[in-house]
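Below is one structure, written out as structure tokens; comments come after it.
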Amino acid sequence: MLIKNKNIKILLNYVIGPLVFCLLAWSIYRQLIKQNNWQASLQHAWQAIRGAEGWKLGLTVALMFANWGLESRKWQIVIKRVQKLSFIQSCKAVFTGTTLAFFTPNRIGEYMGRILYLDEGTRVKAISLTIVCSMGQLLVTWWAGIGGILYLQAFGNTKLLHTFAGLWLNMVLYFAIAGAVVLTLFYFRLAGLVRWIERIPRLQKPVSYIRVLDSLNATILFRILSLSVLRYSVFIGQYYLLFDVFDVHVTAAQVAGTVSVIFLVLSIVPTIAVITELGMRWKIGIEVVQLFDSNITGILATSLAIWIINLVIPALIGSLLILGIKVFKNKK
């Protein structure tokens, strides 16, 4: 069974993932070459990084630390129910989680990376608390995405909205509304859910690991949501800066509307490998942002820069921290 699972993982990461990416890349390339003066746009994007707008790129990198700092604070708050960690320890755990998430489908390795910094007796309980953090961020993503779709339908390019884009936006909208309502009910009824599961005799052992959720009162849950909103605002700010750098002419409202839809779709569509996620970011970004601006080169450059800044760099930092954990354990 272990060999079989390993073979499936290799197939997903090294065969199917790259194949899907290549198909997406080919589709994007065909859209790119249809753009007027795309070579000039590409040259402009490169010059923008090295020119007067370069400081905005540096600010976007600085906001990456604010992004993961807010996530670290969220995790520190919830994980206190099983083990107290300093903010620095929480940051290390979150960065380590991004490293393992980078190499696993749908970023599921993030949970395993974080619990490496916890005592063995608390690790299983910590997974359920970590999921609550993710639920809070997902709630913000879905409700913001619903608002984003409504904004696009009201103010986006009418001609493009009457094509396939309008159809899939409606499909995503209905799915997101249903999912957001259900998730909201679950999020604010975690204690009741635990007590309901406790009544099922066959689930007595598993419920012992999630009973810690009963300690998350409304105040804590709202704190998680508040930090999630702040983190989401950082995402929007990063896109706003980079769209400006790469000459994508969109207003602040248009950035908020388009980016919220990008994140919504990314949270719904499963990704089987990290390179597939990059392809999805490119494809979704083009389909959504071109409702307001047709600079495909700038949209691609922005999506790539965001991917590198928010995922690749943190994963590299986390890899160094994992090495530190191994060295520490060997010394011990």
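We did not get these values from a lab; they are worked out from the coordinates using the rules stated. Note that the structure is a prediction, hence the values are computed from the model and not measured. Glycine also receives a Cβ, built like all others from the backbone with ideal geometry; neighbour counts cover every protein chain displayed.
Taking 0.36 nm per residue of sequence separation and subtracting the Cα-Cα distance, how much length would be gained by fully extending the chain between F103 and M171, in nm to one decimal?
Computed gain between F103 and M171 is 21.5 nm.
Straight-line reach from K74: which aspartates and glutamates fall under 20 Å, measuring Cα to Cα and dropping same-chain residues less than 8 apart?
Straight-distance partners of K74: E110, D119, D214.
So how do 256-266, 214-224 stack up, highest first, on mean other-Cβ count within 10 Å?
256-266, 214-224
In what sequence, highest mean first, do 230-239, 84-93 appear when ranked by Cβ atoms within 10 angstrom?
Most protected by this proxy first, the peptides run 230-239, 84-93.
Once fully extended, how much extra length lies between D119 and K80, figured as 0.36 nm per residue of separation less the alpha-carbon to alpha-carbon distance?
Here the answer is 12.8 nm.
When the Cα atoms of region 236-320 are enclosed in a convex hull and the volume is divided per residue, what value in Å³ results?
Residue-normalised Cα hull volume stands at 89 Å³.
Using the per-residue mean of other Cβ atoms lying within 10 Å as a proxy for protection, in what order, highest first, do the peptides 286-293, 113-120 fall?
Peptide ranking by packing, descending: 286-293, 113-120.
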